[in-house]
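As structure tokens, the structure follows; a few thoughts come after it.
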């Protein structure tokens, strides 16, 4: 028996939502937004500073169970690829108290840059991020090549990063 396609499903907001989540086959291919990341130490990192590099932007919160769970794998990924010019920026959501972010960063000894999104402008610029964790992979040309909502498949992420870091 052939399954019937329900017409209401074709115009479903669920389909649009699935496309926006960066599910396989739905990866965006747009330029990363021009961004200014205010880091925990008070310095600023811009997307212009990252030109020519492969980088990961992770929107997270200290109160997000999935974010906390994936953080050791983000650390491992960063350490594995950093020597090849890979950068990681973890952006704490605007509702995350800065003291909690600083404490988390210090106690977990995060080896990458951590930014505070004080007013939510970074989350808005990066596609109006509301769900955490949300992770973007940006290539050397400044294009978003992959978006993950939820914890990435870290084996597939490593293969993608290896490919992007090999390309010139």
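Computed over the alpha-carbon atoms, the range 63-128 gives an Rg to Rh ratio of 0.97, Rh here being the Kirkwood radius from the mean inverse distance.
A crude spin-label estimate for the pair residue 118 and residue 79, with each label 7 Å from Cα along the Cβ direction, gives 3.3 nm.
Please order 137, 144 by the number of other Cβ within 10 Å, starting at the fewest. List each step's numbers first, then the result.
Numbers: 137 23, 144 20.
So the ranking, lowest neighbour count to highest, is 144, 137.
Hey, what's the Kirkwood Rh for the range 28-166 if you take every pair of different alpha carbons, in angstrom? Don't jump to the answer; show the numbers that get you there.
On the way: mean 1/r = 0.0676 Å⁻¹.
In the range 28-166 this quantity evaluates to 14.8 Å.
Computed from the coordinates by the stated procedures, all read-outs in this text should not be read as laboratory data. Quantities reported herein were computed from a predicted structural model and do not represent experimental measurements. As a convention, Cβ positions derive from the backbone with ideal geometry for all residues, glycine included, and neighbour counts pool all protein chains shown.
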